1. Can you tell me the relative contact order of segment 1-70? Whole percent, Cα pairs under 8 Å, sequence separation 6 or more.
2. Net charge around Glu14, counting only other residues with Cβ within less than 10 Å of its Cβ (Lys, Arg = +1; Asp, Glu = -1)?
3. Could you please state, rounded to a whole Å, how far the C-alpha centre of segment 26-43 is from the C-alpha centre of segment 63-81?
4. If you take every residue apart from Ile87 with its C-beta less than 15 Å away from the C-beta of Ile87, what net charge results, scoring Lys and Arg +1 and Asp and Glu -1?
5. Would you pull out the residues with amide H under 5 Å of Arg16's amide H, same chain only if 5 or more places away, H placed 1.01 Å from N?
Amino acid sequence: MGLMAGHTPYKFLEQRPGSNYRQLFLRGRNLLAEVVYRAMMGPEPRTPDEVAQDYGIPREAVDEAVDYCRRHADVLQHEREDVLTDIRQRGLDTPPCAPAEGMSGA
């Protein structure tokens, strides 16, 4: 029995064929593992149980997302950088009417 596409050692996480993301999604959901992980960080961190409730996923799925994100921090970092680069290349980080440099009337 060969490995199926998108097979991972995780029960609740899977690769998304055709996705621009290399990181894993929650199985059957359009939910990145990193999104689940980040819900427990930041100014108002949630507990794993709260995150499970927030997203309607099993607590074990939250634990897997955390484990995966900690083990693959480099992949997540690269993806964040790729997304930011893409945004900058498309000019989406500058307002349409941003004043030209040097035109601020010093």
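1. Values: 77 pairs, mean separation 18.1, N = 70.
Relative contact order, segment 1-70: 26 percent.
2. On the way: positive: Lys11, Arg16, Arg27, Arg29; negative: none.
Spelling it out: positives minus negatives among the neighbours equals +4.
3. A separation of 10 Å, based on Cα centres.
4. Working: positive: Arg80, Arg88, Arg90; negative: Glu79, Glu81, Asp82, Asp86, Asp93.
Counting the neighbours of Ile87, the net charge comes to -2.
5. Phe25
Laboratory data are not the source of any read-out in this text; all were calculated from the coordinates shown. Just so it is clear, the structure is predicted and the values come from calculations on it, not from any experiment. Using ideal geometry, Cβ is built from the backbone for each residue, glycine included, and neighbour counts are taken over all protein chains shown.
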